[in-house]
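Everything on this sheet refers to the single structure shown next.
Quick note: the coordinates plus some simple rules give every number you see, no bench work behind them. None of the values given here were measured: they were computed from a predicted structure. Glycine also receives a Cβ, built like all others from the backbone with ideal geometry; neighbour counts cover every protein chain displayed.
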Amino acid sequence: MSINLSQWKIIADKWKYSSPPSIPSKEDLEIYKSFLEDYKGNLLVLGATPQLRDLVFELGFNTYTIDINREMILAMNKLRKYKDEKEIVKIANWLNTPFKNDFFDIIVGDCVLFNIEFDRKETFLKEIKRILKKDAYFITRTMHLWKTFKKRDNEEILKSFVESESDQYSQLCQELMMNNQEGTFDFKAVKKALEKYWKDGKYAHKNKKIEVVLNLIYSLWKPFEKKWYVLSEKDQDNILQKYFKIIKKKRATDYKSSQLFPIYKLSPKNP
């Protein structure tokens, strides 16, 4: 897993300004709840997502949380509705966790798989399977490539965004950074796409609404260095099914790109 702690600190600081798909939507959380509410026991949250940690607290799990970045955990704690005094936090890598075999009844993580480089995804899935009980579940929202995606001109993307009066800045960046050929979403692509507008330490545009948007997304995600590694839906299902059975797969409908973000309920395959 690519580790850039300074970049994650920036993401943590700006989290409260994020919107779906960067954070789970209301319908995403309803799907998570429907997959979780019939179970109890030891549950591991991958990452620090405050919405998920609040949900599993409400459902009464014995919660463990694991993240590589202590600052991310501390920043997300400030955005939680609840303070879970019993939550056990581990600062460690998802690829090499400190937990015993067959320990968890549930593992849940929002948008975790595409944070893992292509050549390490199977290492990650093997580790998740190792620490799950045989009759347990891995529940996760992830992203697949947009099969019918056609790259628009950047000026067209920006113009249509401001005309729509949307506040979904995550989705704007998603279109600017998507590279279907490589299967990557790279903030460096956003930086490159917008570099012609950069003047004297800020973005300038003849359309003042676009100028405001450009400087806002820069303030939210500078220095534009985070990268994600995204599979096609078919390849994603195939790699998951090497180690897990797909029990359920559902999508929210309450944000524009929700069809690219299915939530899986998975159970470990027997050796």
Next item on the list: Using every pair of alpha-carbon atoms in the chain, split the distances into 10 Å bins beginning at 0 and state the percent of pairs per bin, rounded to integers.
Entry: 6, 29, 36, 20, 7, 1, 0
Notebook entry, point to check: Based on the alpha carbon coordinates of region 78-131, what radius of gyration and maximum Cα-Cα distance (Dmax) apply, in Å?
Noted result: 13.1, 37
Checklist line | Kirkwood Rh in Å, taken over all unlike Cα pairs in region 84-193 | finding: 16.9
Next item on the list: For region 38-116, state which trypsin sites (Lys or Arg not before Pro) are in a DSSP loop and have at most 10 other beta carbons lying within 10 Å of their beta carbon.
Entry: LYS78, LYS83, LYS86, LYS100
Checklist line | Backbone N within region 172-214 under 17 Å of label point (7 Å from ARG152 Cα along the Cβ vector) | finding: 172-180, 190, 193-194, 207, 209-211, 213-214
Item checked: Likely footprinting exposure, TRP228, TRP146, fewest C-beta neighbours within 10 Å first -> TRP146, TRP228
Next item on the list: Report the calculated FRET efficiency for LYS26 and LYS249 (r = Cβ-Cβ distance, R0 = 22 Å), to the nearest 0.05.
Entry: 0.70
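Between LYS100 and SER18, how high is the FRET efficiency from 1/(1 + (r/R0)^6) when r is the Cβ-Cβ distance and R₀ = 25 Å? Nearest 0.05. It would help to have the intermediate numbers written out before the result.
Details: r = 34 Å, r/R0 = 1.36.
For R0 = 25 Å, the calculated efficiency reads 0.15.
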Check: What area, in nm² and to one decimal, does the C-alpha convex hull of region 155-271 cast on average over all directions?
Finding: 9.0
Check: So what's the net charge close to LYS250: Lys and Arg +1, Asp and Glu -1, counting the other residues with Cβ under 12 Å from its Cβ?
Finding: +3
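If you take every DSSP beta bridge whose two residues both sit in the chain, what share of them, in percent to the nearest 5, is antiparallel?
Details: 17 of 37 bridges.
If we restrict to bridges inside the chain, about 45 percent are antiparallel.
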